[in-house]
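Notes follow the structure.
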Amino acid sequence: MKTQHARQTQQPSATPTSRPRAGTIGPTLMALLLSALLGLSACGGDTGMEGSGFGMGEIDASLSGDGLSGVNPVPTPGQDRFGTDVGGASDTGASWNGGVDAGSWQADTGSFADDAGASDAGASDAGSKPDDDAFTGGNTGLSQAGAQDFGLFRQILEQGGIPSPNAMDDLGFFAEHKLDYPNPTCGQNMCMHALLGEMGNLITGSTCTLIQIGLNTPIKVSDLKRPPLHVVLAIDTSGSMAGKPLTYVIQGLSQMLDNLQPKDHVTLVTFSGTAKTVFEHLGVKDKAKMQKAVIGLKTGAGTHLYDGLFTAFAKAAKHASKTTESRVVLLSDGQPTTGIAKAPKFVSLAKGYAVQGIGITTIGVGTNFSIKILRDIAEVGAGNFYFLDKPAAVKEVFTEEVKTFLVPIALDVKMAIDVGDSWIIREGYGTHGWKGKSGGGDIHIPSLFLAGRLKSDDPLPTTPGTGRRGGGGAILIEAMPFPGIKPKTTQVGTVKLSWKHPTTGKIHTQTQKIDKKAAKIQIADGGIFTNKTVEKGFVMLNLFVGFQQASQLAVDGDPGAAIGTLLALKGAVQGWLDDKKKAGDKPDPDIKDDLVYVDLFLTNLKKLKYQTPISKPPEPWPKD
């Protein structure tokens with residue numbers, strides 16, 4: 001779908017003209033959310049770029065000069081909308097076992113009360129009685145490998161800049177949003193919740209139907225005993241790391257060393273013009289020696305990123321064993337200046353070691369690192385991509401990585417979404433493993449890990465840069481009634497799940513129906529939700545595409561339309577928060593914090609030298 005660029009010049013209203021019933025998203029509010037998004041469906045949709053969502057290609061993370069520069073929005077042939085080779089990650093999940101020993105999983109068992117007020121969109125069918133290897137007692141979210149935050153996007157705004165669409169992706173943005181799903185009572189270590197939301201759009205009269213897939217586990221973070229760890233640190237010590245960046249890294253590495261367990265080992269590789277092994281396979285008894293080496297890190301000239309990564313993987317493979325979890329942690333603040341610099345070479349290297357059970361986590365510092373390289377190799381390497389935007393984030397990332405993102409809960413996760421003849425699927429968000437097809441879509445996720453946060457309404461820590469990672473996120477799928485065909489039944493479709501246990505290798509399956517009859521929340525004008533967490537999913541998705549749209553409009557040289565988009569979005573989202581408060585609910589800390597960055601974005605746009613009239617975007621669902 002090509003986006004219509006004609007715009008009406010007028011001042012958009014920053015607040016809703018009428019208010020829906022407290023505690024729900026009413027049609028008027030949804031219309032305002034929609035009117036803020038140029039060329040978007042009620043759920044999200046196109047962000048003003050060819051195809052769907054946004055293409056990454058080789059785009060700088062931030063815009064130069066006055067915040068406006070050209071980008072290449074069209075994905076490279078053979079790649080998906082995130083610039084990743086199609087099928088690139090799907091061949092690692094079935095073989096990657098993380099080196100986990102079957103005897104290393106331990107947890108206390110207990111009982112838990114079912115949440116009678118929260119149900120899925122349809123009956124869950126695990127296919128058998130509860131598994132003998134299933135844990136009980138918790139309700140912990142699950143996170144995918146890949147981006148775990150949108151810290152780069154935040155930092156660019158905080159520094160007065162205008163982020164490009166590439167500075168944030170849906171997986172990272174969703175990961176900083178905790179959604180409360182029903183208790184995991186499926187009898188397996190991972191439970192799926194297929195939820196539904198639908199409401200009318202007063203702008204065009206069309207209907208938005210959102211399928212929300214949540215994943216959680218009864219395993220508690222505190223109960224999971226990870227296997228011994230060999231972590232190989234590949235640290236960029238090029239000249240640009242001098243000063244605060246290196247100080248942050250030293251602090252983070254010190255925190256990681258403090259969180260090691262008795263049987264853990266660490267190898268430290270640094271790289272500037274060439275790679276250097278500072279120490280190799282040292283245990284906790286050598287902690288003082290490791291601390292001294294970390295504190296003594298010095299910078300040099302050049303950035304041979306490939307040499308650093310290659311050396312780190314080689315050291316991890318050298319000491320690999322069946323009873324030890326091996327992981328590379330790569331940290332860099334810049335682009336490769338020496339040696340191999342093409343992203344596909346890095347991806348191939350990470351893939352090769354991933355199938356041997358050696359995962360990788362990547363960390364970006366500053367705003368000039370290669371976001372494509374670091375993000376892509378983390379995704380194919382069954383690991384995570386983080387951005388260190390504040391000193392406090394260093395402690396959070398390094399300690400959480402050791403605690404939750406080293407032992408996978410599920411491997412080779414596959415979902416098949418099938419809808420009836422009366423429905424079509426428009427787009428999927430919140431996973432890089434989405435592939436649309438006729439009558440639905442398929443999702444492949446190589447591995448899932450525990451998410452750190454427990455409840456959506458827990459207050460965020462007051463220290464800037466902490467608290468929002470570890471939300472777990474969601475998978476959101478837009479469904480539309482087939483034009484001219486009225487659905488004959490209330491069932492929208494089904495979601496089938498299969499996943500492999502990381503230690504036993506057993507394949508588990510679940511199936512859930514997506515049916516409007518399961519709706520627990522109804523709006524006067526006909527909107528429905530099967531669970532209140534889908535409300536937050538709607539708002540979260542609209543914020544994501546609103547940020548994306550504003551970034552693209554700025555790139556297109558129309559800051560006025562970007563301002564209009566954000567003003568309308570801000571008023572609508574604030575209205576939702578106000579209604580939740582009136583209903584007696586706690587204010588959602590994630591959405592409230594998102595609005596801080598809407599305001600920052602508006603401030604930065606208004607400071608640009610080149611201005612265009614503030615305008616309201618045209619109606620959604622523009623014609624091709």
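The values are calculated or read from the model by the stated rules, or taken from the named source; none is laboratory data. Computed from a predicted structure; not experimentally measured. Positions of Cβ are generated from backbone atoms using ideal geometry, with glycine treated the same way; all protein chains shown enter the neighbour counts. With ligands, DNA and RNA removed, areas are computed over all heavy atoms of the protein, side chains included. Shrake-Rupley method; radii C 1.70, N 1.55, O 1.52, S 1.80 Å.
Remarks
- Yes/no for G359 being closer than 23 Å to G283 by Cα and not aliphatic (A, V, I, L, M): yes
- Among the residues listed as V231, V249, V221, the single one being open to solvent by 10 Å² or more (accessible area, probe 1.4 Å), within 25 Å of the chain's Cα centre (by Cα) and within 29 Å of G141 (Cα to Cα): V221
- Condition met for Q549 (under 23 Å from the mean Cα position of the chain (by Cα) and at pLDDT below 95): yes
- Members of segment 157-183 that are β-branched (V, I, T) and either modelled with pLDDT under 90 or in a strand (DSSP E or B) (or both): none
- Every residue from segment 249-288 that is part of a loop (DSSP other than H, G, I, E, B), more than 17 Å from A317 (Cα to Cα) and in contact with a Pro (Cβ under 8 Å, 6 or more places away or on another chain): Q261, K263
- Output for segment 370-389, where each listed residue is buried (at least 24 other Cβ atoms within 10 Å of the Cβ) and closer than 19 Å to W434 by Cα: R375, D376, I377, A378, E379, V380, G381, A382, G383, N384, F385
- Cβ-Cβ under 8 Å pairs, at least 6 apart or on other chains, segment 186-210 side of a type in the set (G, A, S), far side part of a loop (DSSP other than H, G, I, E, B) and at pLDDT 75 or above: G197/T530
- Of the residues making up segment 372-388, just one is farther than 19 Å from G471 by Cα and among the small types (G, A, S), namely G381.
- When D307 is tested against (1) open to solvent by 10 Å² or more (accessible area, probe 1.4 Å); (2) at pLDDT below 90, only condition (2) is not met.
- Annotation: of all residues in segment 272-304 being β-branched (V, I, T) and surrounded by 20 or more Cβ atoms within 10 Å (Cβ to Cβ), the one that is nearest to A343 (Cα to Cα) is T303.
- Only one of the numbered conditions (1) under 28 Å from the mean Cα position of the chain (by Cα); (2) over 29 Å from G357 (Cα atoms) is not met by G239, and that is (1).
- The residue of segment 184-207 that is modelled with the lowest pLDDT, among those that are open to solvent by less than 10 Å² (accessible area, probe 1.4 Å) and not hydrophobic (A, V, I, L, M, F, W, C), is N201.
- Subset tally (residues that are assigned to a helix (DSSP H, G or I) and surrounded by fewer than 24 Cβ atoms within 10 Å (Cβ to Cβ)) for segment 556-565: 1
- The listed residues are K488, K517, K513, and the only one of them that is assigned to a strand (DSSP E or B) and among the basic types (K, R) turns out to be K513.
- Count - residues of segment 310-340 that are open to solvent by less than 40 Å² (accessible area, probe 1.4 Å) and not in a helix (DSSP H, G or I): 12
- Of all residues in segment 341-363, those that are of a type in the set (S, T, Y) and surrounded by fewer than 20 Cβ atoms within 10 Å (Cβ to Cβ) total 1.
- Enumeration of residues in segment 408-458 that are of a type in the set (A, V, I, L, M) and assigned to a loop (DSSP other than H, G, I, E, B): I409, A451, L454
- The condition of being touching a strand residue (DSSP E or B) at 6+ places or on another chain (Cβ under 8 Å) and at pLDDT 95 or above holds for I417.
- Scan of segment 495-553 for residues that are acidic (D, E) and open to solvent by 10 Å² or more (accessible area, probe 1.4 Å), ordered by number: D515, D525
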